[in-house]
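The values are calculated or read from the model by the stated rules, or taken from the named source; none is laboratory data. Quick caveat, the model's predicted, so the values are computed rather than measured. Cβ sites come from the backbone with ideal geometry, for glycine too, and all protein chains shown count toward neighbours.
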Amino acid sequence: MAVSKVLCIELGDTTKIAEVDYKKPNPKIYQSEIFDLRDTQLGANGDVGVDDDGLIRGRDTVAKILESKIKELKFGNNNVVFSIISTKILTRDVTIPNVKPAQIKNMITTQAGQYFPVEVNDYEYSYSIIDKTADKQLHIMVYAISKQLVKSYVALADAAHLNLVGLEYGGNAQFQVLTKKVQPANTATTYIDINESNSVVSILKDGKLELQRTISYGTNQIINRIRDYKSYSNLNTSQLFDLVRNEQFVRERFDEDDLSMMNMDENMSDEASVAAFEKLDIKDGIIDDLRAFINSVSRQVDSYRSKNRNVQINPNTFVLGKGSLVKGMLELLSNELGTKTEMLTNIQGLDFPKKYNNDVVVQMYTVVGAGIAPIEFEILREENVKKKESENLTVYYLATLVALVISIALIGIGLIRMQTAKSENKKKKEKIEALTNELGDIYDKWEASKAAVVNIQTFDYSTYAYTEQFKEFLIAFEETVPSDAVIGSFSMTGNEVSMGVTTTSEETAAQFIQYVRDMEMVKSVENSGITIEVDEETVPATTTVTFSIVVKLVDPVFEDGTTIDSGETIPNSNSGYAKDPIAE
């Protein structure tokens with residue numbers, strides 16, 4: 001039966017549920033709920049929640065909490081899509097030859113080891129087409145999801161008696177919503193979604209995703225900073241978040257002087273003095289964490305600007321998610337990013353109930369967006385098939401048990417019929433086994449043929465990747481090399497570049513090597529054979545430093561210049577499925 005409405009659920013210390021229209025561009029939101037797992041009766045005494053990698057803690061307890069909440073709130077169905085932001089969901093946008101849709105899935109699966117630094121067999125892959133480039137190549141977003149993560153959510157849905165129809169990457173859910181925000185034409189706009197464990201930075205232009213990165217920072221880091229101090233150790237997560245919403249623990253500038261200590265006097269009690277010093281220490285820790293986070297955001301935006309100098313940048317930056325509610329957060333982002341920063345509200349096409357204020361709406365975007373166009377992964381289908389087969393097997397066993405009881409009751413008059421039925425059943429099983437073996441041989445031949453086709457299709461692409469990588473390195477190298485460094489020799493083998501260099505000082509040589517190390521596409525630099533000669537007959541004396549280096553590039557770097565930084569990913573929007581090349 002077709003699914004018309006779903007429950008979109010984003011798990012965390014703060015869990016969000018919304019009942020929405022399924023796969024509609026402008027979904028209606030029927031009802032929603034935001035609650036803390038630990039504030040429920042079942043979760044109060046247990047370790048329940050979601051780790052940074054998206055894996056669920058206390059799965060059986062979480063399942064009972066969800067089942068109880070859904071029943072309590074009288075949601076209209078049990079079809080569910082989970083929205084997940086996790087380090088076990090990886091994304092990368094790449095450019096590939098303009099092959100037929102039936103060939104794309106096999107191509108990205110074959111190239112997965114070059115796209116992602118993971119054990120390839122531990123992940124399932126999918127993709128979505130972004131657009132076609134000027135030279136008619138395909139610009140696509142590749143997704144990799146941990147099979148362990150999928151099985152974790154399949155088991156959770158099963159334990160909570162929910163029908164799992166989809167798993168959505170939170171970055172894609174966010175993108176589905178942000179495309180509805182009216183944006184100035186030919187202007188790039190920055191959005192920062194600050195969640196509990198991770199944040200997502202997105203840049204959109206003309207309704208297309210230009211850049212998206214996941215950064216390991218969220219409101220939990222603020223909460224945990226405060227929780228560690230005695231004055232606040234008796235507060236739960238919900239109470240601590242209310243505290244940072246109403247009391248300013250986030251300074252408005254990195255270098256802001258804290259005036260709270262100036263209000264202390266000699267008549268202040270010891271307890272009050274300890275509390276004041278604790279709060280000052282907390283603020284110092286929070287601003288240190290935020291400095292690293294905001295510097296990372298700024299680095300991504302600056303990188304985009306440097307690669308798109310002809311693109312107008314929107315002077316307004318929009319913030320969404322739980323972090324936008326933290327007192328002082330918008331002011332700090334505005335001051336340190338140098339833009340006007342405001343909370344994201346009033347997105348067209350999202351029909352929220354009128355009773356919801358902006359504080360609720362700004363936390364629900366990535367939940368509601370999960371039902372618009374979720375990414376489809378084949379492994380989820382496979383897990384659902386296994387579940388269905390298991391249910392059918394259970395029914396079969398129950399039916400067999402009932403039949404056995406009846407047979408025993410009627411054994412006196414039905415022994416002959418039973419023996420006949422057993423004989424026929426045995427023959428059928430033998431026939432099924434013979435057919436299964438025959439089909440297995442056919443399937444093996446089909447798989448071998450498919451692999452051969454894929455290898456032929458992807459050969460040209462692999463060659464293309466290293467050529468483009470070398471071109472990009474040369475362009476970046478010419479912009480980086482110091483003017484007084486002379487390149488004596490230069491060669492490339494695979495993804496390794498060897499060169500001989502002559503400079504006029506040891507400082508220049510060290511600077512040259514550091515510049516090359518800092519290049520975005522460089523994985524490692526090894527230097528050897530350093531020779532230093534000083535000519536004292538000249539006035540003043542001259543120094544000649546000669547050395548050789550071997551530069552290993554990230555394997556590979558494509559024409560779009562994108563890489564996967566540690567702890568960061570590059571996602572995008574709608575997904576699609578490839579067909580088998582043999583079937584095509």
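If residue 346 satisfies every condition in (1) at positive phi; (2) assigned to a helix (DSSP H, G or I) but one, which is the exception?
Against the list (1) at positive phi; (2) assigned to a helix (DSSP H, G or I), residue 346 comes up short only on (2).
So residue 41 passes all but one of these: (1) under 18 Å from the mean Cα position of the chain (by Cα); (2) closer than 30 Å to residue 353 by Cα. Which condition number does it fail?
For residue 41, the failing item is (1).
Given the options 58, 43, name the one that is over 17 Å from residue 363 (Cβ atoms) and in contact with a helix residue (DSSP H, G or I) (Cβ under 6 Å, 6 or more places away or on another chain).
Just one listed residue meets the conditions, 43.
Of everything in region 465-504 that's polar (S, T, N, Q) and under 30 Å from residue 536 (Cα atoms), which residue is surrounded by the fewest Cβ atoms within 10 Å (Cβ to Cβ)?
483
Of everything in region 229-275, what is closer than 25 Å to residue 12 by Cα and either outside any helix (DSSP H, G or I) or at pLDDT below 80 (or both)? Give them in sequence order.
229, 233, 234, 235, 236, 247, 248, 249, 250
What's the total number of residues in region 126-151 that are crowded, with 19+ Cβ neighbours inside 10 Å and either of a type in the set (S, T, N, Q) or under 13 Å from the mean Cα position of the chain (by Cα) (or both)?
Total satisfying the criteria: 9.
Table: residues versus (1) at pLDDT 50 or above; (2) in contact with a Leu (Cβ under 6 Å, 6 or more places away or on another chain); (3) of a type outside the set (S, T, N, Q); (4) exposed (fewer than 15 other Cβ atoms within 10 Å of the Cβ).
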site	(1), (2), (3), (4)
507	yes, no, yes, yes
518	yes, no, yes, yes
532	yes, no, yes, yes
571	no, no, yes, no
578	no, no, yes, no
584	no, no, yes, yes
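Name the residue that is farthest from residue 299 (Cα to Cα), counting only residues in region 202-223 that are surrounded by 19 or more Cβ atoms within 10 Å (Cβ to Cβ) and among the basic types (Lys, Arg).
Ranking the candidates gives 205 first.
Condition check ((1) touching a Pro at 6+ places or on another chain (Cβ under 9 Å); (2) outside any helix (DSSP H, G or I); (3) under 24 Å from residue 554 (Cα atoms)) across all residues:
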{"position": "475", "(1), (2), (3)": "no, no, yes"}
{"position": "492", "(1), (2), (3)": "no, yes, yes"}
{"position": "511", "(1), (2), (3)": "yes, no, yes"}
{"position": "514", "(1), (2), (3)": "no, no, yes"}
{"position": "517", "(1), (2), (3)": "no, no, yes"}
{"position": "526", "(1), (2), (3)": "no, yes, yes"}
{"position": "534", "(1), (2), (3)": "no, yes, no"}
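In region 1-12, what residues are modelled with pLDDT under 90 and either in a strand (DSSP E or B) or over 20 Å from residue 169 (Cβ atoms) (or both)?
Those that are modelled with pLDDT under 90 and either in a strand (DSSP E or B) or over 20 Å from residue 169 (Cβ atoms) (or both): 1, 2.
What about residue 148, is it more than 19 Å from residue 378 (Cα to Cα), part of a helix (DSSP H, G or I), touching a Leu at 6+ places or on another chain (Cβ under 9 Å) and of a type outside the set (Gly, Ala, Ser)?
Answer is no for this residue.
Pull up region 17-31, narrow it to residues that are under 20 Å from residue 181 (Cβ atoms), part of a strand (DSSP E or B) and not hydrophobic (A, V, I, L, M, F, W, C), then point me to the one that is farthest from the chain's Cα centre (by Cα).
28
Condition check ((1) at pLDDT 95 or above; (2) among the hydroxyl-bearing types (Ser, Thr, Tyr); (3) surrounded by 14 or more Cβ atoms within 10 Å (Cβ to Cβ); (4) closer than 23 Å to residue 198 by Cβ) across all residues:
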position: 278; (1), (2), (3), (4): no, no, yes, no
position: 296; (1), (2), (3), (4): yes, yes, yes, yes
position: 311; (1), (2), (3), (4): no, no, yes, no
position: 323; (1), (2), (3), (4): yes, no, yes, yes
position: 329; (1), (2), (3), (4): yes, no, yes, yes
position: 335; (1), (2), (3), (4): yes, no, yes, no
position: 348; (1), (2), (3), (4): no, no, no, no
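Got a number for residues in region 494-509 being closer than 10 Å to residue 548 by Cα and outside any strand (DSSP E or B)?
0
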